[in-house]
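The values are calculated or read from the model by the stated rules, or taken from the named source; none is laboratory data. The shown structure was predicted, so the numbers you read here are calculated from the model rather than taken from an experiment. No Cβ is skipped: glycine too gets one built from the backbone with ideal geometry, and neighbour counts run over all protein chains shown.
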Amino acid sequence: MLSSQSALRPYDALLLVSFGGPERPEDVVPFLRNVTAGKDIPDERLRVVGEHYYGFGGRSPINDQNRALIEALRTEVARRGLELPIAWGNRNWDPLLPAALADLRDGGAARVVCVVTSAYASYSGCRQYRENLAAALEQVPDAPVLDRIRHFFNLPGYVEAVADGVRSSLEGMPPTTRIVFVTHSIPVTMNRTSGPDGDAYLVQHHDVMAAVMAQLDTGHHDHDLVFCSRSGPPGMPWLEPDVNDHLEALADDGCDHVVLVPIGFISDHMEVVYDLDTEAMATAERMGITARRAPTAGTHPAFVSGLVDLVLERAALAREEHPARPTAGSLGPAWEVCQAQCCPNPRGARPAIWQEQS
């Protein structure tokens, strides 16, 4: 039997890989330049987009939430009697991925397991991270080898955390309260090409939604999957309905109590605090709906423990062992290495890591 510390072999460290966000008002436009690189969007337009951030002091909440998750992971790792340095790297703002990889290399890490904070398959939620990591590896000589845990959308601890949040939000609400699950909208074509067989983004969300509903003990509640944060050209079809349009339709049908569940986001970053807590709540109030917003998984103990379980699972797989791979829902465990046709870049092929050769 492996000792506790040996259970982490061959990994020397963990890298939390996230989107990033501005820390102060003067960061907003440079951050958005990074997000929109290659799209030739003028700074004037970026300042308009940045109003969401300026309304919160120019500071994205995602950074502090990543710091909190890192501390929670460190605490859970230590609770299990393990030692695993945890680093943090972002796609679009400090600490950027090349700097994180250089720090890991300089600290002696040879092989690193990555936890990407996006739970679902799609170009923007998976392959784009893999492309950014490939680019970062090219910039850092002698960088450590990188592996990743599988997509954690159906991790039992994640589903438990979401279900706990829904359950607490329903307290004191009438039995007719409708549960509205919300995730980030993406272009329809991006969903169609997500995952090895297409449509994985929607299929995974519906699987998690069903798994959460199965855990509730609050009676039957009608429920829906809706979307937020649409962007891009008006003529490009994106997944619908928008959460605000859906709330208006529910009010027209006589619904007057709703719990909004941000199932597509692991923490309360800008799409949650602005799109849901600000815009959607204003729509609900205007339509006479009593609305609550369920908490995200954040640092829920079951979620954090589940992520550490996935790190240990990935280490066992790297040692060519056959660990148990528990899941909630009906889809079974996701993949650590993507098939070549998964989630193609809509603007043309770019190198990406964790991908089978075509």
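Looking only at residues of the stretch 155-178 that are part of a loop (DSSP other than H, G, I, E, B) and hydroxyl-bearing (Ser, Thr, Tyr), we find that the one that is surrounded by the fewest Cβ atoms within 10 Å (Cβ to Cβ) is 176.
Listed here are the residues, each with its yes/no results for (1) closer than 23 Å to residue 124 by Cα; (2) part of a strand (DSSP E or B); (3) small (Gly, Ala, Ser); (4) under 16 Å from the mean Cα position of the chain (by Cα).
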{"residue": "235", "(1), (2), (3), (4)": "yes, no, yes, no"}
{"residue": "247", "(1), (2), (3), (4)": "no, no, no, no"}
{"residue": "267", "(1), (2), (3), (4)": "yes, no, yes, yes"}
{"residue": "272", "(1), (2), (3), (4)": "yes, no, no, yes"}
{"residue": "291", "(1), (2), (3), (4)": "no, yes, yes, no"}
{"residue": "296", "(1), (2), (3), (4)": "yes, no, no, yes"}
{"residue": "309", "(1), (2), (3), (4)": "no, no, no, no"}
{"residue": "317", "(1), (2), (3), (4)": "no, no, no, no"}
{"residue": "321", "(1), (2), (3), (4)": "no, no, no, no"}
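Of all residues in the stretch 213-233, those satisfying the criterion of being in a loop (DSSP other than H, G, I, E, B) and not basic (Lys, Arg) are 216, 217, 218, 219, 220, 221, 222, 229, 231, 232, 233. Scanning the stretch 94-149 for residues that are in a loop (DSSP other than H, G, I, E, B) and in contact with a Pro (Cβ under 6 Å, 6 or more places away or on another chain) turns up 109, 110, 140.
Within the stretch 279-301, the set of residues being closer than 18 Å to residue 64 by Cβ and in contact with a Gly (Cβ under 8 Å, 6 or more places away or on another chain) comprises 295, 296, 297, 300. Return a yes/no flag: does the stretch 233-241 have any residue that is closer than 25 Å to residue 279 by Cα, in contact with an Asp or Glu (Cβ under 9 Å, 6 or more places away or on another chain) and of a type in the set (Gly, Ala, Ser). No, because not a single residue in the stretch 233-241 is closer than 25 Å to residue 279 by Cα, in contact with an Asp or Glu (Cβ under 9 Å, 6 or more places away or on another chain) and of a type in the set (Gly, Ala, Ser).
Annotation note: of 102, 87, the sole residue that is modelled with pLDDT of 95 or more and more than 21 Å from the chain's Cα centre (by Cα) is 102.
Yes or no, residue by residue, for (1) surrounded by 19 or more Cβ atoms within 10 Å (Cβ to Cβ); (2) touching a helix residue (DSSP H, G or I) at 6+ places or on another chain (Cβ under 8 Å):
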site: 302; (1), (2): no, yes
site: 306; (1), (2): yes, yes
site: 314; (1), (2): yes, no
site: 352; (1), (2): yes, yes
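Cβ-Cβ distances below 9 Å connect the following pairs, each with a first residue in the stretch 29-53 that is within 22 Å of residue 348 (Cα to Cα) and without any contact (Cβ under 8 Å) to a residue 60 or more places away in the chain, a second residue that is part of a loop (DSSP other than H, G, I, E, B) and among the aromatic types (Phe, Trp, Tyr), and a separation of six or more residues or different chains: 34/93; 35/19; 35/93. Considering (1) part of a helix (DSSP H, G or I); (2) touching a helix residue (DSSP H, G or I) at 6+ places or on another chain (Cβ under 8 Å), the lone condition that residue 87 does not fulfil carries the number (1).
Screening the stretch 51-84 for residues that are hydrophobic (A, V, I, L, M, F, W, C) and outside any loop (DSSP other than H, G, I, E, B) and picking the one that is farthest from residue 134 (Cα to Cα) gives 78. Of all the criteria given as (1) buried (at least 23 other Cβ atoms within 10 Å of the Cβ); (2) in a helix (DSSP H, G or I), the one not satisfied by residue 283 is (1).
In the stretch 2-20, the residue that is nearest to the chain's Cα centre (by Cα) out of those that are modelled with pLDDT under 95 and not in a helix (DSSP H, G or I) is 4. Residues of the stretch 219-243 that are touching a Lys or Arg at 6+ places or on another chain (Cβ under 8 Å), under 30 Å from residue 172 (Cβ atoms) and crowded, with 16+ Cβ neighbours inside 10 Å: 221, 223, 224, 242.
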